[in-house]
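The values are calculated or read from the model by the stated rules, or taken from the named source; none is laboratory data. Please read these numbers as outputs of a predicted model, since none were measured by experiment. Glycine gets a Cβ as well: all are built from the backbone with ideal geometry, and neighbour counts include every protein chain shown. Ligands, DNA and RNA are stripped out before the accessible areas are found, and what is left, the full protein with its side chains, is counted by its heavy atoms. Shrake-Rupley method; radii C 1.70, N 1.55, O 1.52, S 1.80 Å.
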Amino acid sequence: MNMYDIITKKKHGEELSDEEIAYVVSGFTEGSIPDYQVSALLMAICLKGMNIRETSTLTICMRDSGATMDLSSIPGLKADKHSTGGVGDKVSLIVGPMVAALGVPVAKMSGRGLGHTGGTIDKLESIPGFRTDISNEQFLNNVKRMGLAIVGQTADLAPADKKLYALRDVTATVDNISLIASSIMSKKLASGSDVIVLDVTVGSGAFMKTIEDAKKLAEVMVQIGTRAGKKVYAVISDMNQVLGHSVGNSLEVIEAVEALQGKAEEDLTEACLMIAGLMLIGCGKADDLTDAKEKLREVIRNGAAYAKFKEFVQAQGGDVRFIEDTERFEKAKYQRVIKTPSDLTVKTIDAERIGRVSVILGAGRETKNAPIDMSAGIHNYCKVGDTFKKGDALAVLYTNKESVLEEAEALYHKAYSVSDAPVPALTTIYGFTDTEGFHKI
């Protein structure tokens, strides 16, 4: 078996065997197969595709390239969720406590933000003292004791994915459904949960730009998870505008706290209820979405979800006083209110541009190890279909770098278009995919 023959085979559109895929993944991970040959294979895959068997095999080989989490010591079915990325996506901070308050253990590994998409780990680390690098023993004990722990992904989790993604990033081979799906699912399967709910975002602020492509990705990931013995749901959600009203690390934590106290915006509430609802159904804690959503609303009303979030923060070293009084969070030195230049109705929003504004302000990072400003970000009042009078506030920008405010404001104004006629509000959830197919909401 050799790489030349494997590359040639895929170049001609032929199926790779399980053994050939395993040979490539193990050889590349250990360093015996060079980058240039794997680059050639990745391009052949992008051009000729992979079927579901090949994609599933690739995923499992990537999963098994490093350590996997053993959650068997935690009683009951364990649930996890993952988002393909977006702007203002603080769903994990809200869903975890809601679900844990209803008896579903959530043992989650999350990543950091890069570019215009924020990372759950960065947001949590904006809470003074909060640790995302706790030991595996403490991670498991926290989930056993209170049903929730969120930590950063360890270096030995699916190392093949890390190497392959770095290569894809510089060889224009990122945008292939099989490669995207195997990258996401290898890490989720290595994390060890029984039930996985995937939030496949679609639109201007998401990686997937069309609903059809989002549905294809969702279907492939559900099939991969099912073949691996997991129960998987994939929600298709809109990312053509900021989810909720805030973008930025501590700003999103504050919004999550408000949501857990019953003060969330409608779109954020809808997204959280759908994702958390499917987690409950998958773990046998609810009969259907109606039942699940009512149970979730109740743990918001009675304060159980908010109490669970405080317990979770304290267990990982965070200062709970900042959750009890969010005014304690450090404020950015400079603020800029963006006002409407005229009467207008918002027709479209480029969420990616708004995400870029947050990066300019300091809330995001351009490179993996770049520092970020936890207090920087945007409080966004602008939603598609909203009507404003001249001089109304569209947003407030927060930064500790006064020199970037003009550039940030100019880009924000380019992030929306206007209409003279009424514009309907956007759909938040298009539906979800499971083993039976796509279900429109």
Report task. Mind grabbing the accessible area of residue 300 for me, 1.4 Å probe, Å², rounded to tens? Result -> 30 Å²
**Report entry** Nearest-10 value in Å² for the accessible area of residue 15, using the 1.4 Å probe
**Finding:** 100 Å²
Query raised in the report: In whole Å, what three semi-axes, largest first, describe the equivalent ellipsoid of region 164-260 built from its Cα gyration tensor (square root of 5 times each eigenvalue)?
Result: 25, 18, 14
Report summary line: residue 212 and residue 439 label points (each 7 Å along its Cα→Cβ direction) are spaced in nm at 2.6 nm
Requested in this report: Please identify which residues in region 389-426 have an amide N closer than 18 Å to a label point set 7 Å out from the Cα of residue 342, following the Cα→Cβ vector.
Outcome: 389-394, 413-423
Report summary line: Compactness check, the chain: C-alpha Rg relative to the 2.2 N^0.38 Å globular estimate gives 0.98
Query raised in the report: Gain in length, residue 73 to residue 301, computed as 0.36 nm per residue apart minus the alpha-carbon separation, to one decimal in nm?
Result: 78.9 nm
Report summary line: Percent of all alpha-carbon pairs of region 271-379 at distances over 22 Å, whole number, is 61 percent
Query raised in the report: Are any of the pairs 10/123; 78/215; 9/163; 163/347 more than 31 Å apart by Cα-Cα distance, and if so, which?
Result: 10/123; 163/347
Query - Computed FRET value (nearest 0.05) for residue 4 with residue 171, which takes r as the C-beta separation and R₀ as 22 Å - result: 0.75
Report task. Divide by every residue of the chain the summed helix terms, -39500 (n - 2.57) for each DSSP H run of at least 4, and state the resulting mean residue ellipticity at 222 nm, rounded to the nearest 500 deg cm²/dmol. Result -> -13500 deg cm²/dmol
Requested in this report: Any chance you could check the Cα centroid distance between region 187-235 and region 366-441 for me, in angstrom?
Outcome: 24 Å
Report task. Please identify every one of the chymotrypsin sites (Phe, Trp or Tyr not before Pro) in region 334-429 that sits in a loop by DSSP and has no more than 10 other beta carbons within 10 Å of its own beta carbon. Result -> none
Query raised in the report: Any idea what log10 I(q)/I(0) is at q = 0.25 Å⁻¹ for region 369-408, Debye with uniform C-alpha scatterers and no solvent?
Result: -0.94
Requested in this report: Pull up the DSSP beta bridges for the chain and report the antiparallel fraction as a percent, rounded to 5.
Outcome: 55 percent
Query raised in the report: Using alpha-carbon positions, what is the distance between the centroids of region 261-339 and region 114-180, in Å?
Result: 20 Å
Query raised in the report: With every protein chain present, what accessible area does residue 330 have (1.4 Å probe, heavy atoms only), rounded to the nearest 10 Å²?
Result: 140 Å²
**Report entry** Summed side-chain charge close to residue 183 - residues other than residue 183 whose Cβ falls under 9 Å, Lys, Arg +1, Asp, Glu -1
**Finding:** +1
Query raised in the report: Plugging the Kirkwood radius over Cα pairs into Stokes-Einstein for region 105-209, at a temperature of 10 °C and a viscosity of 1.306 mPa s, what D comes out in µm²/s?
Result: 103 µm²/s
**Report entry** Length added when fully stretched, residue 194-residue 389, from 0.36 nm per residue minus Cα-Cα
**Finding:** 65.2 nm
Query raised in the report: Based on the Kirkwood radius over alpha-carbon pairs, what is the Stokes-Einstein translational diffusion coefficient of region 67-113 at 20 °C with 1.002 mPa s viscosity, in µm²/s?
Result: 176 µm²/s
Report summary line: With DSSP loop assignment and no more than 15 other C-beta atoms within 10 Å, the GluC sites (Glu not before Pro) in region 357-441 are 366, 436
